Amino acid sequence: MSDLQITQIGPDDEPGLAAWSAVVAASERHELGVHATTATAQEQAVLVRDAGRQRRVVLLAGRVGGETVAAGWLSLRLLDNLDGAEIDVHVRPDVRRRGHGSRMLRRVESVAAAAGRSRFDTRAQWLEGGPADGAGMPGMEFARVHGYRFGIGEVQRELPLPVAADHLARLAAAAAPHHAAYRIRTWSGPVPEDLVAGWLAVSTTLMTEAPAGTVEREDLTADVAAHREAEAAQARQRRTPWHAVALDPSGEVVAQSMLMVPEHDPVFVHQWGTLVRRDHRGHRLGLALKVANLRALQHDLDTEGRRVVTWNAEDNGPMIDINERLGFVATARSADLQKIVAPPR
């Protein structure tokens, strides 16, 4: 029987946040080694303190004898997906198999249920050499025992930087004849006022446009004010976004791609969403945008020793092809998992 004592961590509890983050980092490194990508305590504190109108974040610490050994994370979207909750649970590797994870998961789920949520989403991760379905992997087996079902498998890929300029030039030249009618625009920082509505119209559909397997999802809400709040939170986290968009002849945003550079992390650059609107596919815009964004990033930032990390669904052939042409290599696997319970009365 677990003797875990669970409490919620406040945004100003710096020792508690540091201990919570240390558990998450130790857990992720245990599963993925050097391929683990973990947010800092300072980044989490920003989300807990002021997540804005888009979502509410809750951090739970599990302690034994005053020592933090388990961590729970809960994110509740407030403008859309109102029946859903994103959750995560970690236990320090040296104290696993004592019931701490199960107890923490039950608490996180109870907080989500109390908030009116009945769709729980989480993820299990393991190194690339493991099976595509995660069978036998600790995180997958833990989730399965607790009622989570496999939704879709993803592969984590990494690209060493800087990418050779001549390689990017060849890729750009090969794609250019296919998108001659479009204009590509890049920038770092917040989305310009003249593009923000169009950028949101495309980016907020990523949840349903990207392959999702059996996972149930809804589009995000295209709310400019909420987006500006999220950008301000990213700045407080000391994260800088790098954007690339494709504009059709009328100037409308029809495709977007984004890199996120965390100041605290000297290794990883995160490739976030890349999406081309359905009625503008077939013009190699996805490749063109990724190349343009990488060129802009490498022009303005010292990327020596860094790696771009991205995730693709196993069956997202077009995006996998683009990433492999750029030079990404597979390093880890994950699975999107979901559990649906009876809605609260």
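The values are calculated or read from the model by the stated rules, or taken from the named source; none is laboratory data. Note that this is a predicted model, so its numbers are computed, not measured. Glycine also receives a Cβ, built like all others from the backbone with ideal geometry; neighbour counts cover every protein chain displayed.
Each row is one residue, and each column tells you yes or no for (1) among the small types (Gly, Ala, Ser); (2) out of contact with any strand residue (DSSP E or B) (no Cβ under 8 Å at 6 or more places or on another chain).
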| position | (1), (2) |
| --- | --- |
| Gln271 | no, no |
| Leu275 | no, no |
| Asp302 | no, yes |
| Ala313 | yes, no |
| Met319 | no, no |
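Just checking, does segment 258-267 include any residue being more than 30 Å from His146 (Cα to Cα) and touching a Leu at 6+ places or on another chain (Cβ under 9 Å)?
Looking through segment 258-267, at least one residue is more than 30 Å from His146 (Cα to Cα) and touching a Leu at 6+ places or on another chain (Cβ under 9 Å).
Test Gly198 against the stated conditions and say whether it is on the phi > 0 side of the Ramachandran plot and either touching a Phe, Trp or Tyr at 6+ places or on another chain (Cβ under 8 Å) or modelled with pLDDT of 95 or more (or both).
Judged against the criteria, Gly198 is not a match.
Residues to consider are Ala246, Ala335, Ala235; find the one that is in a strand (DSSP E or B), of a type outside the set (D, E, K, R) and within 24 Å of Ala39 (Cβ to Cβ).
Ala335 is the lone residue from the list that is in a strand (DSSP E or B), of a type outside the set (D, E, K, R) and within 24 Å of Ala39 (Cβ to Cβ).
For segment 235-251, enumerate the residues that are surrounded by 16 or more Cβ atoms within 10 Å (Cβ to Cβ) and at pLDDT 95 or above.
Arg239, Thr240, Pro241, Trp242, His243, Ala244, Val245, Ala246, Leu247, Asp248
Which residue pairs have Cβ atoms closer than 9 Å, lie 6 or more positions apart in sequence or on different chains, and pair a first residue in segment 206-232 that is polar (S, T, N, Q) with a second residue that is outside any loop (DSSP other than H, G, I, E, B) and buried (at least 16 other Cβ atoms within 10 Å of the Cβ)?
Sorted first by the residue in segment 206-232, then by its partner, the pairs are Thr214/Phe150; Thr214/Gly151; Thr214/Ile152; Thr214/Gln338; Thr221/Arg77; Thr221/Leu200.
Can you work out which of the residues in segment 112-138 that are under 21 Å from Leu76 (Cβ atoms) and more than 22 Å from the chain's Cα centre (by Cα) is surrounded by the fewest Cβ atoms within 10 Å (Cβ to Cβ)?
Ala114
Go through (1) under 25 Å from Arg123 (Cα atoms); (2) part of a helix (DSSP H, G or I) and name the single condition Arg217 misses.
Against the list (1) under 25 Å from Arg123 (Cα atoms); (2) part of a helix (DSSP H, G or I), Arg217 comes up short only on (2).
Looking only at segment 50-67, decide whether some residue is outside any loop (DSSP other than H, G, I, E, B), closer than 24 Å to Pro266 by Cβ and out of contact with any Ser or Thr (no Cβ under 6 Å at 6 or more places or on another chain).
For segment 50-67, residues outside any loop (DSSP other than H, G, I, E, B), closer than 24 Å to Pro266 by Cβ and out of contact with any Ser or Thr (no Cβ under 6 Å at 6 or more places or on another chain): absent.
Write out, first by first residue and then by second, each pair whose Cβ atoms fall under 8 Å of each other, whose residues are 6+ apart or on separate chains, and whose first residue, in segment 314-330, is closer than 18 Å to Ala132 by Cα while the second is of a type in the set (D, E, K, R) and surrounded by fewer than 16 Cβ atoms within 10 Å (Cβ to Cβ).
Hits for this filter: Ala330/Glu128.
Here's the yes/no breakdown for (1) more than 15 Å from Leu171 (Cβ to Cβ); (2) within 21 Å of the chain's Cα centre (by Cα); (3) crowded, with 20+ Cβ neighbours inside 10 Å:
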{"position": "Gly273", "(1), (2), (3)": "yes, yes, no"}
{"position": "Arg281", "(1), (2), (3)": "yes, no, no"}
{"position": "Ile320", "(1), (2), (3)": "yes, yes, no"}
{"position": "Ala335", "(1), (2), (3)": "yes, yes, yes"}
{"position": "Ile340", "(1), (2), (3)": "yes, no, no"}
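Looking at segment 23-49 only, could you name the residues that are closer than 20 Å to Asp12 by Cα, touching a residue at least 60 places away in the same chain (Cβ under 8 Å) and either assigned to a helix (DSSP H, G or I) or in contact with a Cys (Cβ under 6 Å, 6 or more places away or on another chain) (or both)?
Correct list: Val23, Val24, Gln42, Glu43, Val46, Leu47.
So Val308 fits all but one of (1) under 21 Å from Ala174 (Cβ atoms); (2) part of a helix (DSSP H, G or I); what number is the exception?
(2)
Could you run through segment 155-181 and say how many residues are crowded, with 18+ Cβ neighbours inside 10 Å and either in contact with a His (Cβ under 8 Å, 6 or more places away or on another chain) or modelled with pLDDT under 95 (or both)?
Number of matching residues: 3.
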